[in-house]
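One structure is given here, and the rest of the page talks about it.
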Amino acid sequence: MDTNTSVRSQWNSFRRYVLGSVAEETTPMAPPLAPPKSKTFETSIERVESWPEEARPLKKHTWLSYLYGIGDLLLVLLPVYFILLGVATASLHGKPTNGNAFGKKVESAMNLGPTIFPIVFAAICGRSMKMIARYLVERGTKISTLELLMASQSVWGTFESQLLMQRLTVVGVNLLFLWALSPLGGQASLRLMSREHEASYSSIKLRYLTTGPAGAIFPIATGNLAGGKYAQAGALYNAALLAPQSVKLGPQDSWGNVKIPSLDAPNQSVPDTDGWIEVSRQVSVPETYTSLVGVPVAGLPSNASSNFTLEYNYMAVSCGPFKQELYPGTHGTNEPTSTNYTKLDEMIPGQIWSNKSDWELHPFDTLDGPASFLIDTTRDLARSPPTNQLDRDLYLGRLDGFAGHYNQSRLSESEKNTPRDLTFASVYGITKDGMTQGLNIATCTLLQHHVEAYVKCAGTQCAASKTRKSITDTRPNALTAFESFEILKNVAHKFPTAIKFTEGSSPTELFLANTSSFPFIQKAGRLYADVAQSSGYFGSLSNNLSAYGPDTLPVTDANVYLPANLSITEHSVFSWFTKFSQTIDQTNSAFLGATTTGNTTSTEEIFVCNVAWLALLLAASTVILITGSVGLILKRKTLGPEMFGFVTSMTYENPWLKIPQGGTMLDAMERARLLKDVEVHIADVRGDDDIGHIALASGIPLRKLERGRLYR
C-alpha cells in the first residue's frame, strides 16, 4: 500500500472527529539480533476546531468581506493624497510665503512624503502583485512569472528575484521600473516646492526737502507767523551737535535723513564721463558732508531696495587768515558802557550789526543771550520795499539772480560771478581773568554749490553713493540766499546763540574752530535752511506725498506756489514774494518738498514649484493608483482562495500532514487561523529509509535533517 493510501485509510474513521495524533505502539517481532535504535520521532495533532466538514461555494460574501473591500478601496485611494499634494504645490507657485498659512501646511505635508510614500507604494503594489498572480494562475501561467510577481513586495525583493531566477524577462524589467518609482516618488514629494526670493522692479515717486529758492525764502515768508520754529531749529541743531561719532561720520543723521557729500570732500575719486564722483565709504572727517543734518525723504518703501537722484544746494565758505585786534572794552559784563561800540563799528563794519551801540544790535550781548562770535557782511543786501537804498537795483538783481531771474540792466556779467564776502569775528580771552580780551577777525568768501546726488537705500537705510554738479540747476555759484537782508539777518542773529552758554566761546564756535578735537560735528551746509525747518527732520514723515506740496524741482520750486502769470525766472523776487507768502502760509507739511522718481527693487520670498519633481510625483502616484485599481478589480474576478505568500499554503493536500481532509476553499489565512496550534516541522518523512525525503509534516514519524545524509 502506498503512503497516500495509508494516510487516507488512517483518517477515514475520523471524518466527524479529529483525533490527536499519538505515537502508535507496535509489537515488534523478536529478532534474532537487537535492532538499531530508531532516529525517528512523532508529533501529535489535537482536534481542529471549526474545521469545515461540508463543501462550500467559493467567494461567499459576508459583512466581513464587504468590510475588507472597503479597506481595500481606501488603500487604493491613498495615492490621491500625493496627487492633491502636487496640485497644491502647483497652485502655490509664485505665491508669497509671508502670511501664507496654506503654504506652511503644504510644506509640512511634503516633509512626511519620504516616509509615507514608500509605505503606501509597498502596501498597494505588493498587494496588487498578489492579486495579479492569483488571477493569472487561475487562467494558467508560468511559474517564473508567478515567482517574480510574488517576490515583488519591495524594491530589493524585485531586484533579488531577478538574480535568483538567473534570467531577465519583460515582466521582471517592468517590475524593476515599477518599484524604482518608490524611492523616486518619496524624494519627489520632498522636493516638490522650495522657497526662493523674487525681485520685482518698479518706479515710485518720492518727495524730499527742497533747498532751492522756495526753501531759502520760506523762513522770511512765514517769519511773522512762525517765530516758534527757531526754538525747534535750536533743539535740532543742539541734538545734531551732540550726535555720537558714528552718526557724525555716517551716511544718515540721527533721524534717518540722508546726508549729502560735498563736491570738494576729501578722498573723492576722479569724475567719470558723466561727471559722477564716487563717494568714499571710509569717511574720516565730518567735513565730508555738506551738513550735520541730512535731507528728509518721504515715500521710501521699508521692504524694498531703491535708488534715486536728488538735487541739493549747499553753501561753502573760504576764509582768509585771522586778523587779531584788542577788544574795545570788556565783553560779558552785562554793562552797556563796558564796550566802546563806536570803536567796535570801526573794527567790524557791516550791514547786519550796523549800529552796535543800539541796544537791539549789541552783537555779543544780544536779546537772545550772550554770543562769542558774530557774522556780518560789508556790502549791502537786497532789502524789502519801501526803501531808499542806494544801488537798490544792483542788490535786487543779485537776489533775483539767485532765484534764477537775470535782468541784464540790474545784473552785469561781472556781478553775476562776484561772490559775497562775510565777516567772522570772535571774542577770545587774553588773560586768565578774562578782563583783557581780543578779537579774531576773518573775511570769508561765500559760494553756493548746486549738486545732484545718487542715493541708494535698503529699506529706509540710505546713503549717497556719488555726486556731481547739477545739470538742471545752472544758477551762478556766486549768488546765494544771503543776498536777502532778511535771510542773512535771521541767520546772523540766531546762529551765534543757537546753543546757550554762560561764558567763554560758544559750542558752535569751538566746533567750527576744530572739528577733530571737539566732540561735535560741523555744520557745513545751508545754515538758513536749518533754522527754518520744522519737525519733519525728526522722522515719522507722512507717506501722503501730496502733503508736501505740488511736484517740483528745487531750481524752480517756488513756481508751483505761484499763479500762472508769475514765475521766479521771469519776475523779480519782490513782485512774487507776497503771493508766495500767502500760499505757503496755509501749508501744513513738515517741509516744502521737491519731487524725484526712484527705482525700487523689492525682494519677496515666494513658493517655487519644481516642475520636474512634480511630474515625477504625479506619474508615480498615478501608476500606484492604476496598479491598485487593477489589483482590486482582479481580486473581485478571482474565485480561488488566496494561498500565495503564506506558510499555510503548504498545508493544502499535503500527505505528510495529519490534518482533516477538505478545506481547500479556505483562504490561507483562514486555514492558518484554524490550524494555529498545529506544530509542524520541515523534516525527513522517511527517516527509516536509506534515502530521506524532506517535507513540511506533522503527525507522522519524522527524522531530523542531517548533514551528509542523502535526500530525494
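The values are calculated or read from the model by the stated rules, or taken from the named source; none is laboratory data. Model, not experiment: these values are computed from the prediction. As a convention, Cβ positions derive from the backbone with ideal geometry for all residues, glycine included, and neighbour counts pool all protein chains shown.
Right, residue 617: assigned to a helix (DSSP H, G or I), in contact with a Phe, Trp or Tyr (Cβ under 7 Å, 6 or more places away or on another chain) and either closer than 27 Å to residue 123 by Cβ or not assigned by TED's automatic domain parsing to the domain that holds residue 153 (or both) or not? If you could, list the steps in order and put the result at the bottom.
Values: assigned to a helix (DSSP H, G or I): yes; in contact with a Phe, Trp or Tyr (Cβ under 7 Å, 6 or more places away or on another chain): yes; either closer than 27 Å to residue 123 by Cβ or not assigned by TED's automatic domain parsing to the domain that holds residue 153 (or both): yes.
For residue 617, the condition - assigned to a helix (DSSP H, G or I), in contact with a Phe, Trp or Tyr (Cβ under 7 Å, 6 or more places away or on another chain) and either closer than 27 Å to residue 123 by Cβ or not assigned by TED's automatic domain parsing to the domain that holds residue 153 (or both) - is met.
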task = Could you check residue 683 against (1) crowded, with 20+ Cβ neighbours inside 10 Å; (2) outside any strand (DSSP E or B); (3) not assigned by TED's automatic domain parsing to the domain that holds residue 120 and say which number it fails?
result = (2)
key: the stretch 559-583, subset of a type in the set (Val, Ile, Thr) and part of a helix (DSSP H, G or I), residue nearest to residue 404 (Cα to Cα)   = 573
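In the stretch 405-446, what residues are of a type in the set (Gly, Ala, Ser) and either in contact with a Pro (Cβ under 7 Å, 6 or more places away or on another chain) or within 19 Å of residue 353 (Cα to Cα) (or both)?
The first filter runs over the stretch 405-446 and keeps only residues of a type in the set (Gly, Ala, Ser), leaving 409, 412, 414, 425-426, 429, 434, 438, 442.
If the condition is that a residue be of a type in the set (Gly, Ala, Ser) and either in contact with a Pro (Cβ under 7 Å, 6 or more places away or on another chain) or within 19 Å of residue 353 (Cα to Cα) (or both), then 425, 426, 438, 442 are the ones that fit.
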For residue 246: the one exception among (1) small (Gly, Ala, Ser); (2) touching a residue at least 12 places away in the same chain (Cβ under 8 Å); (3) outside any loop (DSSP other than H, G, I, E, B) = (2)
ask   = Is there a residue being surrounded by fewer than 15 Cβ atoms within 10 Å (Cβ to Cβ), modelled with pLDDT under 85 and touching a Gly at 6+ places or on another chain (Cβ under 8 Å) anywhere in the stretch 530-542?
value = yes
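Considering each of 566, 562, 592, 618 in turn, give the residue that is closer than 28 Å to residue 101 by Cα and either touching a residue at least 12 places away in the same chain (Cβ under 8 Å) or not charged (D, E, K, R) (or both).
Numbers: 566 fails: closer than 28 Å to residue 101 by Cα; 562 fails: closer than 28 Å to residue 101 by Cα; 592 fails: closer than 28 Å to residue 101 by Cα.
Criteria check complete, one pass: 618.
Out of 411, 390, which single residue is assigned to a loop (DSSP other than H, G, I, E, B), surrounded by fewer than 15 Cβ atoms within 10 Å (Cβ to Cβ) and on the phi < 0 side of the Ramachandran plot?
On the way: 411 fails: surrounded by fewer than 15 Cβ atoms within 10 Å (Cβ to Cβ).
Step by step, each of 411, 390 is checked, and only 390 is assigned to a loop (DSSP other than H, G, I, E, B), surrounded by fewer than 15 Cβ atoms within 10 Å (Cβ to Cβ) and on the phi < 0 side of the Ramachandran plot.
Might you let me know whether the stretch 140-157 holds any residue that is of a type in the set (A, V, I, L, M, F, W, C), surrounded by fewer than 16 Cβ atoms within 10 Å (Cβ to Cβ) and in a helix (DSSP H, G or I)?
The first filter runs over the stretch 140-157 and keeps only residues of a type in the set (A, V, I, L, M, F, W, C), leaving 143, 146, 148-151, 155-156.
If we keep only those that are surrounded by fewer than 16 Cβ atoms within 10 Å (Cβ to Cβ) too, we end up with 143, 156.
Now drop any that are not in a helix (DSSP H, G or I), which leaves 143, 156.
Yes: the stretch 140-157 contains one or more residues that are of a type in the set (A, V, I, L, M, F, W, C), surrounded by fewer than 16 Cβ atoms within 10 Å (Cβ to Cβ) and in a helix (DSSP H, G or I).
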task = Would you point out the residue of the stretch 59-105, among those that are in contact with a strand residue (DSSP E or B) (Cβ under 7 Å, 6 or more places away or on another chain) and in a helix (DSSP H, G or I), that is farthest from residue 609 (Cα to Cα)?
result = 103
key: Count - residues of the stretch 161-204 that are modelled with pLDDT of 90 or more, out of contact with any helix residue (DSSP H, G or I) (no Cβ under 6 Å at 6 or more places or on another chain) and basic (Lys, Arg)   = 1
query = Regarding residue 594, is this residue farther than 30 Å from residue 109 by Cα, crowded, with 16+ Cβ neighbours inside 10 Å and either out of contact with any Phe, Trp or Tyr (no Cβ under 8 Å at 6 or more places or on another chain) or of a type in the set (A, V, I, L, M) (or both)?
reply = yes
request  = Go through (1) touching a Cys at 6+ places or on another chain (Cβ under 7 Å); (2) modelled with pLDDT of 95 or more and name the single condition residue 442 misses.
outcome  = (2)
ask   = Restricting attention to the stretch 419-434, does a residue exist that is surrounded by 17 or more Cβ atoms within 10 Å (Cβ to Cβ), farther than 20 Å from residue 569 by Cα and polar (S, T, N, Q)?
value = yes
request  = Return the residue satisfying two criteria in turn: it lies in the stretch 467-490 and is buried (at least 22 other Cβ atoms within 10 Å of the Cβ) and part of a helix (DSSP H, G or I), and of such residues it is nearest to the chain's Cα centre (by Cα).
outcome  = 481
task = Take the stretch 60-106 and flag every residue that is farther than 18 Å from residue 128 by Cβ, touching a residue at least 40 places away in the same chain (Cβ under 8 Å) and surrounded by fewer than 16 Cβ atoms within 10 Å (Cβ to Cβ).
result = 90, 93, 94, 95, 96, 98
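Go through the stretch 376-401 residue by residue and tally those that are farther than 14 Å from residue 479 by Cβ and hydrophobic (A, V, I, L, M, F, W, C).
So in the stretch 376-401, the residues farther than 14 Å from residue 479 by Cβ come out as 376, 378, 380, 383-393.
Narrowing the set further to residues that are hydrophobic (A, V, I, L, M, F, W, C) leaves 390.
Total satisfying the criteria: 1.
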ask   = Which of the residues that make up the stretch 193-218 are surrounded by fewer than 24 Cβ atoms within 10 Å (Cβ to Cβ), of a type in the set (D, E, K, R) and in contact with a Ser or Thr (Cβ under 8 Å, 6 or more places away or on another chain)?
value = 195, 198, 205
ask   = In the stretch 273-315, which residue that is at pLDDT 90 or above and exposed (fewer than 15 other Cβ atoms within 10 Å of the Cβ) is farthest from residue 590 (Cα to Cα)?
value = 273
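Within the stretch 620-674, restricting attention to residues that are charged (D, E, K, R) and in a loop (DSSP other than H, G, I, E, B), which residue is nearest to the chain's Cα centre (by Cα)?
So the first thing to find is which residues in the stretch 620-674 are charged (D, E, K, R), and the list is 635-637, 642, 653, 658, 667, 670-671, 673.
With in a loop (DSSP other than H, G, I, E, B) added as a condition, the list becomes 642, 653, 658, 667.
Numbers: 642: 59, 653: 72, 658: 76, 667: 61 Å.
The residue in question is 642.
May I ask you to say which residue of 667, 677 is without any contact (Cβ under 8 Å) to a residue 40 or more places away in the chain, at negative phi and of a type in the set (Asp, Glu)? Step through it out loud before you land on a result.
Values: 677 fails: without any contact (Cβ under 8 Å) to a residue 40 or more places away in the chain.
Exactly one of 667, 677 is without any contact (Cβ under 8 Å) to a residue 40 or more places away in the chain, at negative phi and of a type in the set (Asp, Glu), namely 667.
Condition check ((1) part of a strand (DSSP E or B); (2) without any contact (Cβ under 8 Å) to a residue 12 or more places away in the chain; (3) within 28 Å of residue 615 (Cβ to Cβ); (4) outside the structural domain of residue 293 (by TED's automatic domain parsing)) across all residues:
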{"position": "110", "(1), (2), (3), (4)": "no, no, yes, yes"}
{"position": "113", "(1), (2), (3), (4)": "no, no, yes, yes"}
{"position": "127", "(1), (2), (3), (4)": "no, no, yes, yes"}
{"position": "167", "(1), (2), (3), (4)": "no, no, no, yes"}
{"position": "175", "(1), (2), (3), (4)": "no, no, yes, yes"}
{"position": "182", "(1), (2), (3), (4)": "no, no, yes, yes"}
{"position": "199", "(1), (2), (3), (4)": "yes, no, yes, yes"}
{"position": "202", "(1), (2), (3), (4)": "yes, no, no, yes"}
